[in-house]
Each structure stands twice: as C-alpha cells, then as structure tokens.
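Below is one structure, written out as structure tokens; comments come after it.
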Number of protein chains: 2
Amino acid sequence: MLKPSDNLVDAIYADLRLKLQRSAILPTDRLVDTEIANARGISRMPAREALLRLVSEGYLVGTTRGFAVRELSLDDISGLFEVRRQLEPRAAACAARDMTPEIEAEITAAMNRVELALSQSDIPALLAANVDFRNAWLKAVNNPHMAATISRFIDYFQSVRLGTFADPATAGLYIDGLSRIHAAFLAHDPLMVQDRMTLFMFAAEEAYLSVRRRQLQEAETARPARRRIQKRGTA
Amino acid sequence: MLKPSDNLVDAIYADLRLKLQRSAILPTDRLVDTEIANARGISRMPAREALLRLVSEGYLVGTTRGFAVRELSLDDISGLFEVRRQLEPRAAACAARDMTPEIEAEITAAMNRVELALSQSDIPALLAANVDFRNAWLKAVNNPHMAATISRFIDYFQSVRLGTFADPATAGLYIDGLSRIHAAFLAHDPLMVQDRMTLFMFAAEEAYLSVRRRQLQEAETARPARRRIQKRGTA
DNA sequence: GCGAATAAAACCGTATACTGAAAATGACAT
DNA sequence: ATGTCATTTTCAGTATACGGTTTTATTCGC
C-alpha cells in the first residue's frame, strides 16, 4: 500500500499514515515536526513536509499548537459515506470477479483474524485485522485510482473507528456485515458482494453517526463551549 | 474553489492549480521551485512545498529536471473514468435537484460562454468556460467531499483536454454532450441529468482515449524510445 | 568534425537559522 | 478564588545554505 522509498519525507509519511490507519494517533495527540524529527535524528523539514501532506489530504488539521487528527462532523460522515456508497460496492464487485486464489486466501485469513480479535475483545488487533481485510480485497481491484480513492475515504474514519469497535454490540454488528461480505466473496458472486457491500455501507454509516453523535454529546456536556482550532486550509 | 489564504504555499498552490485547470502548463514545461520563487521574490521552500503537494495529489510528477504535468496512460484514463462514472452522474443529479436560481443562472452563463468560444474557435476561452461550467454545477452539490473528489478527478485530464478541444470535430461532440446536460438542468430533471451525464462520461472517455492514443502514436514515431522519468513517489 | 572524457551547471533533498504569532504560564490586582 | 495583564515558551512559516546526483556544456583526442 505504501512505499518504503529512500527519501525521508516518504518514510515519515508512510509511518504516520500507518499509525493513522491503526488509530494509533488519538484526537488529543499533537504531532509536532520537531518531535518527529528529533525522534529520528533528522531535521524539521522532512517531518514538516510529511505532516503538511497529510493536512492537504485531509487526515490532519493544523492547529496553532501542532497537528492533530481531523475530527469528523456528522455532515462529514454523511458526505463521506455518500461517496463511499458510490464506489465501494462497485469496486468490491470487481474485486470478487477478478480476485486470484492468493488474494482470496488473504481475504479469508484477514477475516479469520478479525473474528479472532473480536472473540478476544482485542481492540488493537481488531483494528489491524480490519485494515488488512480491506487492503486484501482492494488488492484485487485492478484500477489503482479507484483503490486509492477508496482507501483514502476509509482512512478518514480512523478517529471514529476506535469508538465503533470499543462498543462490543456495535463491533459485533459491524463484523457481522463484514462476514457476510466475506461469504459473498467466497461464493465468487460479484453481485452478491455488491449488494452486501451496499447494505454494509448503510449500516456502517449509521454506526459511525451514532458513535460520533455520542462523542459530540459527551464533549458538549464536559465543556459548555470552547476550543479554537483550525488555522491552515485544506484548499 | 480555492482559497486565497495568507500563506505563500497556498497562494502558489492555488495559482498553479488554476493554471493546470486551464491547461496553461504544457507537458513539455518544467516547473522549478527556484524559478517560481524568484518570480515572486520569495525563497524556494514555499514553492517547493506547493509543487510537492501537487505531486502527492497526482497532478505533477517529479523528474530529474524540474516538475512536469503528469501524462496519463490509456489505463489511467480508463481507470479515472471508471471512478467518474460512479460519481458524476449521481452528483449532477443532486445538483439538479438542489440548485438555486442563482446557480442555475451561473450554469447557463457558463454554457453560453462555452458555445460562444466554440463558435469562435477560441480554445483558451473554451477551456476556461468549460471549467466554469463544471464549477458552476459543482457549487450546487452540497457534499463538499463529493465535489472535491470530482473536481480532482476532472483536473487530472488537463493535459489531454487541450488535445480534445483542439480538434473541432471532437470539441463539437464534447460540447454537444455538455449542452444536452445543460438542457436537462434547465428542465430541473435530476434523472435526466443523471442519464445524460452517464452518456457524457462514456463519450468523453472515448474522446480522451482516442486523442491520447493519437498523441502516444505521434510521440512513438517521433522518437523510437527514450526518456526516463519519475523519481518521487506518489504514495 | 565527431565521439569520449571531463568540467560546469541545474536542481532536488536535507539541514540550520530566523521571525512572528499564538498559547501557556505566572504575577498581580480585585 | 477569579479576572486581567505581562512574560515566556512553543511552534508554524519562511529564508538561506550545503551536499549529492544528474544533466548539460566543454574540452580533448581521434
């Protein structure tokens, strides 16, 4: 998914992107170029450029005090899902049609890890396995533009996903949808994959919306109103 | 569409992005950070960061000698259109449903400019008016993520669009499709807009493919085989 | 003159330095 | 305690500098 590459910016970018996918960076964390640079024994600039790139791609926002993961509004969630609904069912159908036996095995392996993690309530493992499942089927999408766009849209939800998986009931429902998609992949039925992915999209949207709604409410009650953020634009 | 903003990177980015939309940067041009910086009397870094951002977004590629507009392969074109087909008909339908009278007027005004430019064979004006038409209806799309994604995917074609519009016959067909979409907008019929946009997508894909095919052939006959490109990755 | 070797230039990646603005901290008054 | 104001700190943005690599220009041998 990401290149190792020989230049520092790409290396830092790939590292941060991975952490974001795994929800390893919390909304309260602040990423500062000098810190990242010091941790690697390099200068500010490459770290800064990687951060800036993540900002321009919409994963981070620049605050006046370091960079933070972007928090999604309810409208963001609805809007992002509207796009996902247009793309993912179709892409998954293509994947089901075109996947090789190797990729099919990868998908199944990821699905097994998902279910194992769920049964053990191992949230980090669940997050990782979930990413793996997605990446596995996306590998069978032979349109790189489609795959990259989908990847990107999914990654926006990293800040909410943690909340979704933390609640066992929600996580169970989510994984159930995933497992139904997996079954359709096993059946090699593109149309079934497409339909189930469509259903999954709606269910996931609901789940994310309700989790986020709760998050926002909690934040509201905690502090009446405050916090100035934002500074740099996303263009 | 783009922010003026107060920092230099964003200013340069917006400027370059606009030039790219208008096909004002040719594939043979080479963008160099120091040049851009000198032209504005600033240092390399902001220019460099803007260029890097355009690279990461896929508009430019880094060569060993400056940055160049990305040239699309035939597969790129097919892949990009596969995504556009999923998004634009739906988005345009939403736009037709939700547009205000002001936006409708803007769309019509842009369409008029398109037809005027076509009748006068004024290619630059045609390019600009085409961009205006697109931006006008995109304004009525109240999902910013959808609009931004579409904008981005359309902008990838800047290097090919010039070739499409240069040929009067192709341009005529292209504009004809546009005008049919416009008529559907005027009729306030979301479904008609959706269908015509779908048709337009297929026609446009064909047009771009044939133009690009010709371009590649000409390049082939001109020089048997050469040119090493690429250096930086797009992640 | 023409091709190979060598010198010069161009340009990217990275490092370091400076500046100004915003936020945290703390002093002080109410 | 609470609010206001001044001080300090932190960090983003920009500028400048250097090294290395690739490309172009130049020189030399044939």
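A few remarks follow.
- Relative contact order of chain B, taken over Cα pairs closer than 8 Å and 6 or more residues apart, is 26 percent.
- Model label points for residue B:109 and residue B:78, set 7 angstrom from Cα along the Cα-to-Cβ axis, are 4.2 nm apart.
- Karplus (6.51, -1.76, 1.60) ³J(HN,Hα), θ = phi - 60°, over segment B:35-48, in Hz, Gly and Pro reported as x: 5, 4, 5, 4, 4, 9, x, 10, 8, 4, 4, x, 4, 4
- Cβ crowding within 10 Å ranks A:193, B:61 as B:61, A:193, fewest other Cβ atoms first.
- Length-normalised contact order for segment B:1-108 - Cα pairs under 8 Å, 6+ apart - percent: 21
- Long-range amide H partners of residue A:67 with built H, under 5 Å: A:31, A:32
- Legend: mean number of C-beta atoms from other chains within 10 angstrom of residue C-beta atoms, peptide B:139-145, equals 4.
- Helix A:168-186 and the long axis of chain A differ in direction by around 50°, with both axes built from C-alpha atoms.
- Residue closest to axis [chain A; rotation mapping onto B; Cβ; Å]: A:86, 2
- Extension gain for residue A:198-residue A:186 works out to 2.6 nm (0.36 nm per residue, less the C-alpha to C-alpha distance).
- Estimated D of chain B in µm² per second, where Rh is the Kirkwood radius over Cα pairs and Stokes-Einstein applies at 25 °C, 0.890 mPa s: 131
- Burial ordering of A:54, A:72, B:209, fewest other beta-carbon atoms within 10 Å first: B:209, A:72, A:54
- Taking 18 Å as the straight-line reach from the Cα of residue B:19, the aspartates and glutamates in range (excluding those fewer than 8 positions away in the same chain) are B:10, B:29, B:33, B:35, B:49, B:57, B:71, B:122, B:132, B:155.
- In nanometres and ascending order, the distances from the residue A:42 label point to those of the other copies are 2.4 (point 7 Å from Cα along Cα→Cβ).
- With the label put 7 angstrom out from Cα along the Cα-to-Cβ vector, residue A:74 ends up 5.0 nm from the copy partners, going from closest to farthest.
- Angle between chain A longest axis and helix A:190-222 axis [Cα atoms, degrees, rounded to 10]: 30
- Distances from residue B:187 to itself in the other copies, using label points 7 Å out along the Cα-Cβ axis, amount to 3.8 nm in increasing order.
- Each Cα pair under 8 Å and six or more residues apart adds its separation to the average, and for segment B:71-158 the resulting relative contact order is 39 percent.
- Distance in nm between pseudo-label sites at residue A:98 and residue B:169 (7 Å out along the Cβ direction from Cα): 3.2
- With neighbour counts taken as other beta-carbon atoms within 10 Å, the residues A:179, B:43 rank, fewest first, as B:43, A:179.
- Cα-based helix-to-principal-axis angle, A:144-155 vs chain A, degrees rounded to 10: 60
Coordinate-derived values only; no laboratory data. Computed from a prediction, not measured in an experiment: that's the story for all the values here. Cβ: placed from backbone, ideal geometry, glycine included. Neighbour counts: every protein chain shown.
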